[in-house]
Amino acid sequence: MAPASPALSGLRRAIHHAAQPLLLAGALALWWALDLDEASVLIALVAAQLVLAMLERVAPAMPQWRQRPAEKATLAGLYLLSLLGLQLVLSAYAIVLVPALASARESLGLSPWPAGWPLLAQVLVLFLAADFLYYWVHRALHRWPLLWRASGHGFHHAFHNLHALNTGATHPFELALLALPVVVIASLCGAGADAVAGATVLAVVNTSIAHANLDIDTPLLRWLFTNSNQHRRHHSLVFAQSNSNYACNAILWDRLFGTYSEGTVAQTGIGPREPGLLQKLLLPWREPDDADTAVSRSEPR
């Protein structure tokens, strides 16, 4: 293989050191400039995906993982369906769960939310708190076979060759769990709508970065925010490697609770063969014979 040109080498260094903070700041700035509404959230998320797709094309961390057009189209469709599904789940939570949690907060006389803080600080607090809750949910999914099956989490892990769009490759069963942490924290603490929207932008864009086929590992930031090199290990085909780095956004929690690991990953997935789309959807009921998951290890073969 011919050595990379100086320009490409420089781009790779820039991606490694600066892509994550620049993308997060850019997405938040775009959301802010577009009036902080729901449409602004969607535009910021799509813009981040477009930038990540361009970077993956010109400077992939794993060049052998390049996608065919049909694979990209499938993942893009799953990403958009996940956004739509999450919106439906959030609408249901707004009718049923949010009023109940808000009522509980009021009856207990709780008002812990720092509403007087700058909005960016509120966004960061909600981002960290929601990912703290999801860390434990996610860790449980990988530990307990019944939860792994019931959530359909194997769908998300079944893909070979991870890319930014894989952040939306989620089984419909799992959407309720993905939306739950921010709803619970915001409702119990009394966070405002702008803080929730900003935390959503920060979380979804960072999760997209974490799944990207890019060499991203920003000094200092890597101690707090999950990056692609860290999260790729969580998707490793090697079972022991995949049982680590559960925090999709705030790797801080893995560092604090002893589940952090790092190292190179040769392949992602749950087995040597990637299941087809229908097989992925059926994973809650039946896994391939060559799968290596919490379920396969709990059942005699």
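The values are calculated or read from the model by the stated rules, or taken from the named source; none is laboratory data. Please read these numbers as outputs of a predicted model, since none were measured by experiment. Note that each Cβ is placed from the backbone with ideal geometry, even for glycine, and that neighbours are counted across all protein chains shown.
Return the residues of the stretch 280-292 that are under 21 Å from the mean Cα position of the chain (by Cα) and of a type in the set (G, A, S); say none if nothing qualifies. Give the derivation first.
Our first condition is that a residue be under 21 Å from the mean Cα position of the chain (by Cα); within the stretch 280-292, this holds for 280-281, 283-284.
The answer is none; no residue qualifies.
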Determine whether A199 is in a helix (DSSP H, G or I) and modelled with pLDDT under 95.
no
Quick one: in the stretch 269-279, which of the residues that are touching a residue at least 12 places away in the same chain (Cβ under 8 Å) and assigned to a loop (DSSP other than H, G, I, E, B) is nearest to the chain's Cα centre (by Cα)?
G269
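Whether any residue in the stretch 280-290 is within 14 Å of H160 (Cα to Cα), modelled with pLDDT of 95 or more and of a type outside the set (A, V, I, L, M, F, W, C) is what I want to check. Explain how you work it out, then say what you get.
We begin by selecting, within the stretch 280-290, every residue within 14 Å of H160 (Cα to Cα); these are 280.
Filter once more, keeping what is modelled with pLDDT of 95 or more: 280.
Now narrow it down to the ones that are of a type outside the set (A, V, I, L, M, F, W, C): 280.
Yes, the stretch 280-290 contains a residue that is within 14 Å of H160 (Cα to Cα), modelled with pLDDT of 95 or more and of a type outside the set (A, V, I, L, M, F, W, C).
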Answer yes if at least one residue in the stretch 160-168 is at pLDDT 95 or above, among the aliphatic types (A, V, I, L, M), touching a Leu at 6+ places or on another chain (Cβ under 8 Å) and over 25 Å from K72 (Cβ atoms), and no otherwise.
no
Being closer than 28 Å to H16 by Cβ, aliphatic (A, V, I, L, M), modelled with pLDDT of 95 or more and buried (at least 19 other Cβ atoms within 10 Å of the Cβ) narrows L128, L120 down to just L128
With the requirement that a residue be surrounded by fewer than 20 Cβ atoms within 10 Å (Cβ to Cβ) and either small (G, A, S) or in a helix (DSSP H, G or I) (or both), what does the stretch 208-228 give you?
L221, R222, W223
Within the stretch 1-56, take every residue that is outside any helix (DSSP H, G or I) and of a type outside the set (A, V, I, L, M) and give me the one that is modelled with the lowest pLDDT.
P3
Assuming G85 fulfils every condition listed in (1) under 17 Å from the mean Cα position of the chain (by Cα); (2) within 30 Å of S187 (Cβ to Cβ); (3) free of Cβ contacts under 8 Å to residues at least 40 places away in the same chain apart from one, which condition is it?
(3)
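Here are some residues: A266, A250. Which one is assigned to a loop (DSSP other than H, G, I, E, B) and within 20 Å of the chain's Cα centre (by Cα)?
Numbers: A266 fails: within 20 Å of the chain's Cα centre (by Cα).
Being assigned to a loop (DSSP other than H, G, I, E, B) and within 20 Å of the chain's Cα centre (by Cα) holds for just one of A266, A250, which is A250.
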Any idea which residue in the stretch 1-48 is farthest from the chain's Cα centre (by Cα), counting only those that are crowded, with 17+ Cβ neighbours inside 10 Å and within 23 Å of M62 (Cα to Cα)?
R12
Here the qualifying pairs (Cβ atoms under 9 Å; residues six or more apart or on different chains; first in the stretch 229-253 and over 16 Å from A158 (Cα atoms) and touching a residue at least 60 places away in the same chain (Cβ under 8 Å); second of a type in the set (D, E) and buried (at least 23 other Cβ atoms within 10 Å of the Cβ)) come out as A247/D131; C248/D131; N249/D131; A250/D131; L252/D131; W253/D131
In the stretch 152-192, what count of residues is obtained for those that are farther than 13 Å from S82 by Cβ, crowded, with 24+ Cβ neighbours inside 10 Å and polar (S, T, N, Q)?
0
Which one of the conditions (1) in contact with a helix residue (DSSP H, G or I) (Cβ under 7 Å, 6 or more places away or on another chain); (2) part of a loop (DSSP other than H, G, I, E, B); (3) at pLDDT below 95 does L188 fail to meet, given that it meets all the rest?
(2)
